[in-house]
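Asker: This is the structure I want to talk about, given as structure tokens.
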Amino acid sequence: MKKHWFLLLVLISNELFAQKFENLALTPPMGWNSWNKFACNVDENMIKQMADAMVSSGMKDVGYTYINIDDCWHGSRDSLGFIHPDAKRFSSGMKALADYVHSKGLKLGIYSDAGWQTCGGRPGSRGYEFQDALTYATWGIDYLKYDWCNTDGLKGEGAYKTIAAGLRKAGRPVVVSICEWGTDKPWDWGPSVGHLWRTTGDIYNCFDCINDHGTWKSWGVMQILDKQEGLRKYAGPGHWNDPDMLEIGNGKLTPGEDRAHFSMWAMLAAPLIAGNDLRNMTNAIKEVLTNKDVIAVNQDSLGVQGFRYAVKDSVETWLKPLKNGDWAVGFLNRSLAPKTIEFNWQSEVVNDTLSRKELNAKTATYTVRDLWLKKDAGNTKKPLKTTVPAHDILMLRLRKQSL
Ligand code: GLA
């Protein structure tokens, strides 16, 4: 009898507290999203082509999995309240599209909003949360980005718990991408509700600038980076800070800025969601997005977000502890001039109190690999001295040698 009561309690609390699906994002999610390049201009052919390109470009082979449709896929709700995709743009229906994406070994993501309308003015999920969650499950959706426009009177935690409960009830495992721009400190409540949460407003396609829209601003890569300060302790396997999607390949960043953007998102253990047209990437862009060594830093199973260790003359030294005692090290040159950097591994002992990992070149030797040159670069017995070009990064992996 007692056992039955206990079971009932567990069932009820699952329902009320909407535990998320576990083990879906033990490393930061990797994929592609339509917004940064295409905004509202989405349709099923383009999405299918993007899935094809993810496979043919080699991106799938290095870990990219999700094909995410952002805003504006919507048609309207029918008389029973069920949402339908735009009948012209998605004439075969979402189930057929999900089947196609799944047949490529990939997963399909979709977008909705906690308010009554999405940011693009399409029907939001407010009041229809459980119904929409059920619809997504019948379509075979694997990932939901849930936005925060038109949410007057709502609070983030409650609103996201409602959609998470709906998804849980619908029964199909879905990655929940909380997109409320850091408004209600999602890092405080997000880990039990979703798998990632946006920490800021939207990224803007520039390295170091702010785009002021009057009532809101969007932020360059460096501005977003600075807004991650203090948040690393909230991230870990299954729950990640999301500094927004990548702008690599969207035509505004230099090759060095592309490398710096990708490296820093790896350092931050950020979701790696490409935002460019995968169908016609240059080789240079493809090489950035598929750099396996940098991706390995991002996808490291320890799941510890990196940190800014030092700032000197516009060069930031970033560190990220990795499994087996390894470390990723980034020297990010934020200035418009090349900078000479010097770093004496022997005299810098780093203790990361959060992860309790130590980088100590006095007691261990680490081999050094340059992750962009894809070359070994000696070991930590000798001090490092080199030049980092303007708006670029030197990204290294220190591999701890066993004694
Ligand atoms: C918000 C989000 C963006 C994008 C748009 C779509 O601005 O933060 O990432 O989804 O809405 O309208």
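Asker: From the P(r) of the range 198-267, could you give the percentage of C-alpha pairs in the tail past 13 Å? Provide the component values of the computation, followed by the final result.
Answerer: Details: 1558 of 2415 pairs.
Of all Cα-Cα distances in the range 198-267, 65 percent exceed 13 Å.
Asker: Only Cα pairs under 8 Å and at least 6 apart count here; give the relative contact order of the chain as a rounded whole percent. Walk me through the numbers on the way to the answer.
Answerer: On the way: 899 pairs, mean separation 53.7, N = 403.
Relative contact order, the chain: 13 percent.
Asker: Would you mind working out the accessible area per residue for the chain, using a 1.4 Å probe, and quoting it in Å²? Show your work: numbers first, answer last.
Answerer: Numbers: 17670 Å² over 403 residues.
For the chain, the per-residue accessible area is 44 Å².
Asker: Between residue 382 and residue 310, what FRET efficiency comes out of the Förster formula 1/(1 + (r/R0)^6) with R0 = 22 Å and r the beta carbon distance, rounded to 0.05? Each step should come with its number before you reach the end.
Answerer: On the way: r = 19 Å, r/R0 = 0.88.
Efficiency for this residue pair is about 0.70.
Asker: So for the pair residue 335, residue 52, with labels modelled 7 Å out along Cα→Cβ, what separation do we get in nm?
Answerer: Here the modelled spin labels are 4.9 nm apart.
Asker: To the nearest 0.05, how large is the calculated FRET efficiency for residue 213 and residue 86 if R₀ is 22 Å and r is the Cβ-Cβ distance? If you can, show how the numbers build up before the last one.
Answerer: Values: r = 26 Å, r/R0 = 1.18.
Efficiency, from the Cβ-Cβ distance: 0.25.
Asker: Follow-up. Only bridges with both residues in the chain count here: give the DSSP antiparallel percent, nearest 5. Don't skip to the answer; put the middle values down first.
Answerer: Values: 42 of 66 bridges.
For the chain, the DSSP antiparallel bridge percentage is about 65.
Asker: Let me ask something else. Roughly to the nearest percent, how much of the accessible area of the range 116-171 is carbon and sulfur, given a 1.4 Å probe? Intermediate results must be reported in sequence, preceding the final value.
Answerer: Working: 1110 of 2280 Å².
Result for the range 116-171: 49 percent of the exposed heavy-atom area is carbon or sulfur.
Asker: What residue among 82, 41, 97 has its Cα farthest toward the positive end of the dipole of the range 32-190, where the charges are +1 on Lys, Arg and -1 on Asp, Glu, each on the Cβ?
Answerer: The one lying farthest along the dipole's positive direction is 97.
Asker: Let me have the relative contact order for the range 79-214, percent, based on Cα pairs under 8 Å that are six or more residues apart. Before the final figure, lay out the partial values.
Answerer: Values: 217 pairs, mean separation 26.7, N = 136.
Relative contact order comes out at 20 percent.
Asker: Calculate, in nm to one decimal, what residue 363 and residue 188 gain on full extension: separation in residues at 0.36 nm each, minus their alpha carbon distance. Don't skip to the answer; put the middle values down first.
Answerer: On the way: separation 175, 0.36 × 175 = 63.00 nm, distance 3.76 nm.
Length gained between residue 363 and residue 188: 59.2 nm.
Asker: Next question. So if I take the centroid of the Cα atoms in the range 197-211 and the same for the range 328-388, what is the distance between those two points in Å?
Answerer: The two parts, judged by their Cα centres, are 28 Å apart.
Asker: Then there's this: Enumerate by residue number the GluC sites (Glu not before Pro) in the range 191-257 meeting two conditions: DSSP loop (anything except H, G, I, E, B), and at most 12 other Cβ atoms within 10 Å of the site's Cβ. Walk me through the numbers before you get to the answer.
Answerer: Numbers: sites: 229, 247, 257; in loops: 229, 247.
Filter output for the range 191-257: 229.
Asker: Moving on to the next point. For the range 211-216, in order, what is each residue's ³J(HN,Hα) by Karplus, 6.51 cos²θ - 1.76 cosθ + 1.60 with θ = phi - 60°, in whole Hz (x at glycine and Pro)?
Answerer: 9, 8, 8, x, 7, 8
Asker: For labels at residue 61 and residue 373 in the simple 7 Å Cα→Cβ model, what's the distance in nm?
Answerer: About 2.6 nm separates the two model spin labels.
Asker: What spacing in nm lies between the two simple spin-label points modelled at residue 76 and residue 95, each 7 Å away from Cα in the Cβ direction?
Answerer: Placing both labels 7 Å along Cα→Cβ, they lie 2.4 nm apart.
Asker: Of the beta bridges DSSP finds with both residues in the range 97-204, what % are antiparallel, to the nearest 5?
Answerer: Values: 1 of 12 bridges.
In the range 97-204, approximately 10 percent of DSSP beta bridges are antiparallel ones.
Asker: Looking only at 79, 125, 314, which one moves most when the chain is put into a Gaussian network model with springs between Cα atoms under 10 Å?
Answerer: 79
Asker: Something else about it: Starting from the Cα-Cα distance between residue 354 and residue 172, subtract it from 0.36 nm times their residue separation and give me the gain in nm to one decimal. Could you put the intermediate results ahead of the total?
Answerer: On the way: separation 182, 0.36 × 182 = 65.52 nm, distance 3.42 nm.
Net length gain for the segment: 62.1 nm.
Asker: Given an 8 Å cut-off on Cα distances and at least 6 residues of separation, report the relative contact order of the range 330-403 as a percent.
Answerer: Working: 141 pairs, mean separation 33.0, N = 74.
Across the range 330-403, relative contact order equals 45 percent.
The values are calculated or read from the model by the stated rules, or taken from the named source; none is laboratory data. Keep in mind it's a predicted model, so treat the numbers as computed, not measured. Note that each Cβ is placed from the backbone with ideal geometry, even for glycine, and that neighbours are counted across all protein chains shown. To get the accessible areas, we keep the full protein, side chains included, count just its heavy atoms, and leave off ligands, DNA and RNA. Shrake-Rupley method; radii C 1.70, N 1.55, O 1.52, S 1.80 Å.
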